[in-house]
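Taking it in order: structure first as structure tokens, then the write-up.
The values are calculated or read from the model by the stated rules, or taken from the named source; none is laboratory data. Predicted model only: the values in this text are computed from it and were never measured. A quick note on method: Cβ atoms are made from the backbone with ideal geometry, for glycine too, and the neighbour counts reach across all protein chains shown. The area values use the complete protein model at the heavy-atom level, side chains included, leaving out ligands, DNA and RNA. Shrake-Rupley method; radii C 1.70, N 1.55, O 1.52, S 1.80 Å.
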Amino acid sequence: MIQLVEATKAYGEQVLLREVSWQVGDGDRVGLVGPNGSGKTTLLKILAGLVRPDAGKVVLARRKRVGYLPQEGLSLGDRTVAGEVRTAFADLLRMRREQEEVADALAETPEQPELVARYGELEDEWQRRGGYEMDTRISEVLSGLGFAAGDEDRPVETFSQGWQMRIALARLLVEANDLVLLDEPTNYLDIEARTWLLGFLARHRGGLVLVAHDRYFLDSVVTRITEIGLGRLGNYPGTYSRYETQRAAEIADLRKRAAEQAAEIERNERFINRFRYQASRARQVQSRVRMLEKIERIEVPPEPRRVALRLPHPPRSGRVLVTLTAVSKAFGTNEVFRNVDLVVERGQRLALVGPNGAGKSTLIRLIAGEEGLDAGNRELGHNVRIAYYGPDRHDLDPDRTVRETMADAAPLAMLPEIRNILGAFLFSGETVEKKTAVLSGGERSRLALARLFLRPANLLLLDEPTNHLDLDAKRALLNALSNYQGTIVFVAHDRYFMDALATRVAAIGGGGAALYWGNYSDYLARVTPPEPAAAAPPAAAAAAAAAAKRPKRTAKPAGRAGAPRPPGKNRLRQLRREWREVFEAIADTEAAVESLEARMAAPGFFGDREGSREVTATYEDLKSRLPALYEELERLDAAVQGGPGGP
């Protein structure tokens, strides 16, 4: 469908394409990958006809239409949302206007065979190109991308930059393009809109070239990866995950052959230098000189910079970090939460999911204490230290540079790590000396996120931390959070990131927050037809069974009001024995609870509805016993206060 023929493109001394020949056929779904600055966006612009190659040419098959969505720099008209999307049908709408003019002419003078024939042609073409389905298609695409009823009639200018990107994407998707070029289309999409877009692109019958930093999206959409780098394009059939495996093996082999070639070159150069001036060896020397001149040196791509990020060790907190009780929150007439109860416990990685506007960011701010409650109570547990990141909460001094901003926030011990942390978040070279006032929105977000790695906290509240990060930066962040020993509550729209990090999901919507164990895929398994799950780990099952057999204990009455009398020796021995029994019951129950939590957090657990329901019931039963056991232990503690030695 479209071909590059010996195309070359350079900007100054940086050569992005060097005599490259490459093609995209009908039905090809290509994921374009490469390091920042390698030329991905430039290649898309060349294919779209917006940039010309310095040499070579682009060949597009006849009557093939190309649609392109840029990362930024959109130009939308002064229209409503539906009016802007409808511009995709400009040719069709001109045809409709002509048909109406022909109809008016026929109304005045019916006997005009030429106009009758023209009206029929226009009507056939209108039907063939889906004119009658135009408005339905526009509504379907806008709804899939997250627009609410009534948004179609709102002016484009009343929407944020992210929503204007969705409008531009909608306009592109309703066009009948044979080749679709998408440059990071998921940047401003939540997970529901991304899921819908996956399905839409799966139904697209033409070609697709996609740049994205969402690994799950790439794996779900593309059937071929093209890597750009060192002026070349390399093709790898299959998904992005398969490409990573293939590319790693290829690079290892390339390095091995490059090392062997370098050793061979060195041997020949030593021979030449040693015998250059010996007449008896002149023929051999010249032969090796010619051989070295003909060798095509193996060029190994630079190894990507892998930064191992590590969050500061968190201080120890209590078992419960935050408790929300009967919390309500509304903005005007929009009631976001109504009598919501939520407990965040130590070690949880709680992902908040739900449609756009459901209240995910609001809940993060309520937990952080950044947003006031209309009703209810927020209580922090023992020794809780919160670090909160939000996409619009940067608090940056415009007169400080990137490096100075990090240094100002860093304790002395972290100063040597600042460069590594900034590098992981895509700040390097001269960019670390830029004033924060001139940073883009994405750069400010990355800098604010980088500051979280400077000071210890035991509760991280992260609202869309993966926005504006490339695949390598996401990998570094995910590794750091996976190794973090504290508690995390987060909102993310990257499916791979959520599945790898979350151990619990809170589904936000309808004024409530429903909790599910496991990651995002486990949550989907609970609300959609399940898949078979792996058998329960024997250790977890045994621990649960042992704790379940222990009889329930209820708190005994504290006795009559007034000061307690010191117990006698026999009674004291009995109280100590009871104290130890309750203490052991608490330890066993907590161990079983933690074992079941690990069981329920395992991927695929909720695929087996019957098995997961039984385990969940056991878990809830054990959890319900703990308050009474804690109360009983406190009563026994108080009872032995009058006796020597304590419990």
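See the values below:
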| quantity | calculated |
| --- | --- |
| Net charge contributed by nearby residues that have their C-beta within less than 9 Å of I191 (K/R +1, D/E -1) | -1 |
| Simple label model, 7 Å out from Cα along Cβ direction - D135 to E266, nm | 7.6 |
| The stretch 294-363: GluC sites (Glu not before Pro) in DSSP coil with no more than 11 other Cβ atoms inside 10 Å | E296, E299 |
| Expected 222 nm ellipticity per residue - DSSP helices of 4 or more, -39500 (n - 2.57), all of the chain, to 500 | -14000 deg cm²/dmol |
| Rounded to whole Hz, the Karplus (6.51, -1.76, 1.60) HN-Hα couplings of the stretch 402-407, x for glycine and proline | 4, 5, 5, 4, 5, 5 |
| D470 accessible area, assembled protein chains, probe 1.4 Å, Å² | 20 |
| Accessible area per residue in Å² at 1.4 Å probe, computed on the chain | 52 |
| Computed over the stretch 13-112, Kirkwood Rh from alpha-carbon pairs, angstrom | 18.0 |
| 5 angstrom amide H check on T487, placed H, neighbours 5+ away | G347, L459, L460 |
| Amide N proximity, the stretch 216-260 versus I295 label position 7 Å along Cα-to-Cβ, cut-off under 20 Å | 252-260 |
| Net lengthening on full extension, I251/D78 (0.36 nm per residue, minus Cα-Cα) | 57.2 nm |
| Gap separating the Cα centres of the stretch 36-84 and the stretch 568-589, nearest whole Å | 75 |
| Accessible carbon and sulfur surface of the stretch 410-538 relative to its total accessible area, %, 1.4 Å | 53 |
| Cβ-defined net charge surrounding A61, 12 Å radius [Lys, Arg +1; Asp, Glu -1] | +2 |
| The stretch 63-168: GluC sites (Glu not before Pro) falling in loop per DSSP and having at most 16 other Cβ within 10 Å | E72, E111 |
| Label-point separation in nm, T323 to Q278, each point 7 Å along Cα→Cβ | 9.0 |
| Solvent exposure, largest accessible area first (probe 1.4 Å, DNA, RNA and ligands not counted), of E264, E404 | E264, E404 |
| Distance histogram for the stretch 153-195 (every C-alpha pair counted, 5 angstrom bins, percent rounded to whole numbers) | 5, 19, 28, 25, 17, 6, 0 |
| R0 of 51 Å, Cβ-Cβ distance E123-S160: FRET efficiency to nearest 0.05 | 0.80 |
| Candidate aspartates and glutamates for bridging to K64, where Cα separation is under 13 Å - those fewer than 8 sequence places away on the same chain excluded | D26, E175, D178 |
| Carbon + sulfur, % of accessible area of the stretch 1-105 - ligands and nucleic acids excluded, 1.4 Å | 43 |
